[in-house]
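Asker: Got a structure for you, questions after.
The values are calculated or read from the model by the stated rules, or taken from the named source; none is laboratory data. What you see is a predicted model; the values in this text were computed from it and never measured. Here Cβ is always computed from backbone atoms with ideal geometry, including for glycine, and neighbour counts include all displayed protein chains. What goes into the accessible areas is simple: the full protein's heavy atoms, side chains included, and nothing from ligands, DNA or RNA. Shrake-Rupley method; radii C 1.70, N 1.55, O 1.52, S 1.80 Å.
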Amino acid sequence: VQLQACGGGLVQAVGSLRLSCAASGIINSRNAMGWYRQAPGKQREGVAGITTGGSTNYADSVKGRFTISRDNAKNTVYLQMNSLKPEDTAVYYCNALVDAKIYWGKGTLVTVSS
C-alpha cells in the first residue's frame, strides 16, 4: 500500500486548502482512512477520519472547519480545510487501515500565516 498526499502550501489565515491523498496497492473502499498532523515541537495528532461506511469523525479543534471525504473510484481521500488558523500549521499525513495494519504516507506541509 502506498499513500501519496499533496495539496499543502502557504495560505493566509481564514483561507482554504484542500489536501488529497491517493492510495494504491491492496486498498479499496473497505479501508478506513484518516488525516493526522504534526506541528513543530508537538506530537502527531488525529485530525479527521472516515470509516468504511463513510462515517466521519473530527478533532474538536477542526470541527466545523474541516471536512474529510473520499472518492472510492479513485481510492482518494480529501481534507477540505476552511477558515484556517495559524495554529493549523503542521505537516499533514494521511493513513489507511488495511488488514489490521496502518500505512502512512509522506506528509504535506501546510503553513498558515497570520
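Asker: Among what's in the stretch 57-90 and is modelled with pLDDT of 95 or more, in a strand (DSSP E or B) and open to solvent by less than 40 Å² (accessible area, probe 1.4 Å), pick the residue that is nearest to Val14 (Cα to Cα).
Answerer: Step by step, filter the stretch 57-90, then rank; the result is Met81.
Asker: Just to be sure I understand the filter: pairs with C-beta atoms under 7 Å, separated by 6 or more residues or on different chains, first member in the stretch 10-23 and farther than 27 Å from Ala96 by Cβ, second member modelled with pLDDT under 95. Which pairs pass?
Answerer: Hits for this filter: Ala13/Ser114.
Asker: For Ala39, which of the numbered conditions (1) closer than 15 Å to Ile102 by Cα; (2) free of Cβ contacts under 8 Å to residues at least 60 places away in the same chain; (3) in contact with a strand residue (DSSP E or B) (Cβ under 7 Å, 6 or more places away or on another chain) fails to hold?
Answerer: For Ala39, the exception is condition (1).
Asker: Test of understanding: among Gly53, Gly46, which residue is without any contact (Cβ under 8 Å) to a residue 40 or more places away in the chain, surrounded by fewer than 20 Cβ atoms within 10 Å (Cβ to Cβ) and assigned to a loop (DSSP other than H, G, I, E, B)?
Answerer: None of the other options fit; the residue is Gly53.
Asker: Out of all the residues in the stretch 4-19, is one or more over 23 Å from Ser114 (Cβ atoms), open to solvent by less than 50 Å² (accessible area, probe 1.4 Å) and among the β-branched types (Val, Ile, Thr)?
Answerer: No, the stretch 4-19 contains no residue that is over 23 Å from Ser114 (Cβ atoms), open to solvent by less than 50 Å² (accessible area, probe 1.4 Å) and among the β-branched types (Val, Ile, Thr).
Asker: Filter the stretch 22-39 down to residues that are touching a Ser or Thr at 6+ places or on another chain (Cβ under 8 Å) and at pLDDT below 95 and give me whichever is farthest from Ala73 (Cα to Cα).
Answerer: Looking at the filtered set, the residue picked out is Ala32.
Asker: Among the residues of the stretch 26-43, write down those that are open to solvent by less than 30 Å² (accessible area, probe 1.4 Å), in a loop (DSSP other than H, G, I, E, B) and of a type in the set (Gly, Ala, Ser).
Answerer: Across the stretch 26-43, the qualifying residue is only Ala39.
Asker: Show the residue pairs that are 6+ apart or on different chains and have beta-carbon atoms under 9 Å apart, the first residue being within the stretch 63-88 and within 14 Å of Val110 (Cα to Cα) and of a type in the set (A, V, I, L, M), the second being open to solvent by less than 30 Å² (accessible area, probe 1.4 Å) and in a helix (DSSP H, G or I).
Answerer: Listed by first residue and then by second, the contacts come to Met81/Asp88.
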